[in-house]
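Visitor: Starting off with a structure, shown below.
The values are calculated or read from the model by the stated rules, or taken from the named source; none is laboratory data. Computed from a prediction, not measured in an experiment: that's the story for all the values here. For neighbour counting, all protein chains shown are included, and Cβ atoms are generated from backbone atoms with ideal geometry for every residue, glycine included.
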Amino acid sequence: MASIINVNLPQQSYEIAIAPSSLDQLGEHMAALKLGKKVLLVSNPMIFKHYGERAIASLKAHGFDVTSCTLPPGERYKTLNSVQKIYDGALENRLERSSTMVALGGGVIGDMTGFAAATWLRGINVVQVPTTLLAMVDSAIGGKTGVNHPQGKNLIGAFHQPRLVLIDPFVLKTLPMREFRAGMAEVIKYGIIWDAQLFAQMEESKRLDQLRYLKPELIDAILMQSCQAKADVVSKDEKEAGLRAILNYGHTIGHAVESLTGYRVVNHGEAVAIGMVAAGQIAVELGMWQKAETERQHALIQKTGLPTQLPTGVDIEAIIEALQTDKKVLEGKVRFILPTQLGAVTITDQVPSDTIRQVLLEMQ
């Protein structure tokens, strides 16, 4: 039986369905939405090898006409060139306004497929079937789609909500350990910004660095409570006019570190972990957060096996300069999301460059 979380939006509400083995029910879920028969399934070769045939079999069993398109894995391929390949697949298979693109993969596949769906024929359906923990708890939900520009992450994009997000926890079994840890960074983020209880539940676990050390009830809590947190925030602020910016906790410095290292040194979750350590310390320096709480955050990040220091060779001045191209800059001022207590954060543009510099120096 699927656990259902509703994302309530004025234009188009949708469900996040979480259930073991739900990948085999993809066709059934999509048929219930009365979507057009043509489907383009987008994935990467590795994910497709594990799960592509099962997803396609389920769709075909419910009368869908399915074709597929695979793109190379990795953040550095999240470009307009890759999206062009999705467009080629859409054209070749004559996708119509009623057709659907299905994103079967992690955050990169989800972001690119969502962007292609948002822009093909001025917008067609997209269904997100996330296969990584990071995509399940974060990027597959909320309709943010996009690709990277050489000068910064996700600078090209659109808001385009999915018709459905289908989460099968069983697919996490094939997730590489490093990718699992990357997803845990986003889960820790929800604990800091929204759900102190989730944070405390994770603290009770002896280890958090590999899926096999987590009790099934903790995995359930992580998926349910993270998805609920994201759904709550997105329902209140779909287009990031205000509140939704809190979901970028740890991402301000994190994105700068990612782009400065060419997306080859740290993955997204590792960058977010580094960004959360920096943001926590900045909040302490500005007298907004207790030192004891930043130490609890630090300990949880370390327990997950995520980095807490900057990668070697990253220039601090380059980070400070890169912050100026961040999407959250407003009237030339960088907006930081800083914690005030576990489960609550504030958005501020009053962070002196000297404080950022000092904190980053301590993280070298």
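Visitor: When you go through (1) in contact with a Leu (Cβ under 6 Å, 6 or more places away or on another chain); (2) in a loop (DSSP other than H, G, I, E, B) one by one for TYR263, which number turns out not to apply?
Guide: (1)
Visitor: While we're here: Do we have GLY27 as in contact with a Leu (Cβ under 6 Å, 6 or more places away or on another chain) and either over 30 Å from HIS149 (Cβ atoms) or not small (Gly, Ala, Ser) (or both) here?
Guide: yes
Residues checked against (1) buried (at least 18 other Cβ atoms within 10 Å of the Cβ); (2) in contact with a Pro (Cβ under 9 Å, 6 or more places away or on another chain); (3) over 14 Å from ARG163 (Cβ atoms):
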| residue | (1), (2), (3) |
| --- | --- |
| LYS34 | no, no, no |
| VAL39 | yes, no, no |
| PHE48 | yes, no, yes |
| TYR51 | yes, no, yes |
| ALA57 | no, no, yes |
| PHE64 | yes, no, no |
| SER82 | yes, yes, yes |
| ASN93 | no, no, yes |
| THR100 | yes, no, no |
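Visitor: Quick check on the range 171-186. Is at least one of its residues under 14 Å from the mean Cα position of the chain (by Cα) and under 18 Å from GLU240 (Cβ atoms)?
Guide: The first filter runs over the range 171-186 and keeps only residues under 14 Å from the mean Cα position of the chain (by Cα), leaving 179-186.
Those left that are additionally under 18 Å from GLU240 (Cβ atoms): 186.
There is at least one residue in the range 171-186 that is under 14 Å from the mean Cα position of the chain (by Cα) and under 18 Å from GLU240 (Cβ atoms).
Visitor: Looking at this structure, is LEU41 not in a strand (DSSP E or B) and not charged (D, E, K, R)?
Guide: Here the answer is no, as LEU41 does not meet what is asked.
Visitor: So the check is Cβ under 8 Å with 6+ separation or different chains; which pairs have a first residue in the range 1-16 that's among the acidic types (Asp, Glu) and a second one that's modelled with pLDDT of 95 or more and assigned to a strand (DSSP E or B)?
Guide: If the second residue must be modelled with pLDDT of 95 or more and assigned to a strand (DSSP E or B), the pairs left are GLU15/ILE4; GLU15/ILE5; GLU15/ASN6; GLU15/VAL7; GLU15/LEU164; GLU15/VAL165.
Visitor: Give the range 327-360 a look and list any residue that's polar (S, T, N, Q) and out of contact with any strand residue (DSSP E or B) (no Cβ under 7 Å at 6 or more places or on another chain), or say none. Quick ask: steps written out before the conclusion?
Guide: Going through the range 327-360, the residues polar (S, T, N, Q) turn out to be 340-341, 346, 348, 350, 353, 355, 358.
Once the filter is applied, which keeps residues that are polar (S, T, N, Q) and out of contact with any strand residue (DSSP E or B) (no Cβ under 7 Å at 6 or more places or on another chain), the range 327-360 yields GLN341, GLN350, SER353, THR355, GLN358.
Visitor: Mind telling me which of the residues LEU80, LEU91, LEU95 ends up being over 18 Å from PRO130 (Cα atoms), free of Cβ contacts under 8 Å to residues at least 24 places away in the same chain and either under 23 Å from the mean Cα position of the chain (by Cα) or in the same structural domain as ILE47 (by TED's automatic domain parsing) (or both)?
Guide: LEU91
Visitor: Also: From the residues in the range 293-327 that are over 18 Å from THR252 (Cα atoms) and of a type in the set (S, T, N, Q), which one is surrounded by the most Cβ atoms within 10 Å (Cβ to Cβ)?
Guide: Only one residue tops the list, namely THR304.
Visitor: Just to check your reading of the model, which residue among LEU214, LEU198 is touching a helix residue (DSSP H, G or I) at 6+ places or on another chain (Cβ under 6 Å) and of a type in the set (A, V, I, L, M)?
Guide: Result of the check over LEU214, LEU198: LEU198.
To keep it simple, each residue is scored yes or no on (1) closer than 15 Å to ILE282 by Cα; (2) at pLDDT below 95.
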position	(1), (2)
GLY313	no, yes
ILE320	yes, yes
LYS328	no, yes
LYS333	no, yes
ILE337	yes, no
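Visitor: Could you tell me which numbered condition VAL66 fails, if it satisfies all but one of (1) over 30 Å from LYS236 (Cβ atoms); (2) assigned to a helix (DSSP H, G or I)?
Guide: Among (1) over 30 Å from LYS236 (Cβ atoms); (2) assigned to a helix (DSSP H, G or I), VAL66 violates only (2).
Visitor: Mind listing whichever residues of the range 142-168 are assigned to a strand (DSSP E or B), more than 15 Å from the chain's Cα centre (by Cα) and crowded, with 21+ Cβ neighbours inside 10 Å?
Guide: Result: LEU164, single match.
Visitor: Which condition breaks for GLY287 when tested against (1) in contact (Cβ under 8 Å) with a residue 40 or more places away in the chain; (2) in a loop (DSSP other than H, G, I, E, B)?
Guide: With respect to (1) in contact (Cβ under 8 Å) with a residue 40 or more places away in the chain; (2) in a loop (DSSP other than H, G, I, E, B), GLY287 is out only on (1).
Visitor: List the pairs whose first member sits in the range 37-58 and is closer than 16 Å to THR174 by Cα, whose second member is surrounded by fewer than 16 Cβ atoms within 10 Å (Cβ to Cβ) and among the β-branched types (Val, Ile, Thr), and whose Cβ atoms are under 7 Å apart, counting only residues at least 6 apart or on separate chains?
Guide: HIS50/THR174
Visitor: Turning to a different aspect of this structure: Any chance the range 90-103 includes a residue that's out of contact with any Asp or Glu (no Cβ under 7 Å at 6 or more places or on another chain), in a loop (DSSP other than H, G, I, E, B) and within 17 Å of GLU179 (Cα to Cα)?
Guide: No, the range 90-103 contains no residue that is out of contact with any Asp or Glu (no Cβ under 7 Å at 6 or more places or on another chain), in a loop (DSSP other than H, G, I, E, B) and within 17 Å of GLU179 (Cα to Cα).
Visitor: Is it fair to say GLY110 is free of Cβ contacts under 8 Å to residues at least 40 places away in the same chain and either surrounded by 15 or more Cβ atoms within 10 Å (Cβ to Cβ) or in a helix (DSSP H, G or I) (or both)? Before the answer, list the steps.
Guide: Numbers: free of Cβ contacts under 8 Å to residues at least 40 places away in the same chain: yes; either surrounded by 15 or more Cβ atoms within 10 Å (Cβ to Cβ) or in a helix (DSSP H, G or I) (or both): yes.
For GLY110, the condition - free of Cβ contacts under 8 Å to residues at least 40 places away in the same chain and either surrounded by 15 or more Cβ atoms within 10 Å (Cβ to Cβ) or in a helix (DSSP H, G or I) (or both) - is met.
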